[in-house]
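Structure record follows, encoded as structure tokens.
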Amino acid sequence: KAGVTQTPRYLIKTRGQQVTLSCSPISGHRSVSWYQQTPGQGLQFLFEYFSETQRNKGNFPGRFSGRQFSNSRSEMNVSTLELGDSALYLCASSLNNIGSPLHFGNGTRLTVT
Amino acid sequence: DQQVKQNSPSLSVQEGRISILNCDYTNSMFDYFLWYKKYPAEGPTFLISISSIKDKNEDGRFTVFLNKSAKHLSLHIVPSQPGDSAVYFCAATGGYQKVTFGTGTKLQVIP
């Protein structure tokens, strides 16, 4: 079974630009979550989608948005990039059961200059 | 507000000995707790979980203990192996897939 696939792996952008990251979940997984990882901050929850609806949202500004398609693939978008947005962005998929573990992709490393 | 805390950023253990990683949480609504392992340049991988109705769960060399009254959980790795060297994240959830992670503990197992 193929794992979670995230593209691209690396991205360099300039302040003020916007970026779109893509995530393909494990087949059969309808829940997709996004996390931001920065040094010393662990994994910060961005949002979670299920059946094309945002079901949970973390404490990030509105510049961070996402969506999920009917095939469960998901994208997240960051507009008006700031230097502090430089991070590893991780996507995870899971079954829709409480306590079901998240299965992570290898992430997209975003650098904002 | 860090609801899941891993107060030890790093831990070094000799190969063959026990590794104990600790985690504290503040939200009493959490009812599932999970541990993940992360190697550099890879996403975290699930290790073991425990529901709040249990106080212990074991899977091979990995055992997780939960003390609800103290809001504390720990991961024991016995015996520790060099391949266990990684960053370990404690995580907790109280609802559908909104999982809160700790800041991680970097484990180094010395051969």
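Looking only at residues that are within 21 Å of residue A:4 (Cβ to Cβ), free of Cβ contacts under 8 Å to residues at least 24 places away in the same chain and within 14 Å of chain B (Cβ to nearest Cβ) in segment A:56-96, which one is surrounded by the fewest Cβ atoms within 10 Å (Cβ to Cβ)? Among those residues, the one meeting the criterion is A:57. When A:43, A:21 are screened for being hydrophobic (A, V, I, L, M, F, W, C), surrounded by 18 or more Cβ atoms within 10 Å (Cβ to Cβ), within 10 Å of the chain's Cα centre (by Cα) and within 17 Å of residue A:92 (Cα to Cα), only A:21 passes. How about segment B:34-46: which of its residues are more than 9 Å from every other protein chain (Cβ to nearest Cβ) and buried (at least 17 other Cβ atoms within 10 Å of the Cβ)? Result: B:35, B:37.
Given the criteria on the phi > 0 side of the Ramachandran plot, in contact (Cβ under 8 Å) with a residue 60 or more places away in the chain and surrounded by fewer than 19 Cβ atoms within 10 Å (Cβ to Cβ), does residue B:60 qualify?
No, not satisfied.
Which of the residues spanning segment B:1-49 are of a type outside the set (S, T, N, Q), at pLDDT 95 or above and over 30 Å from residue A:25 (Cβ atoms)? Across segment B:1-49, the qualifying residues are B:11, B:13, B:15, B:16, B:17, B:18, B:20, B:24.
For residues that are under 30 Å from residue A:54 (Cα atoms) and more than 9 Å from chain A (Cβ to nearest Cβ), scanning just segment B:80-89, find the one that is surrounded by the fewest Cβ atoms within 10 Å (Cβ to Cβ). Selected residue: B:87.
The values are calculated or read from the model by the stated rules, or taken from the named source; none is laboratory data. This is a predicted model, so every value here is computed, not measured. A quick note on method: Cβ atoms are made from the backbone with ideal geometry, for glycine too, and the neighbour counts reach across all protein chains shown.
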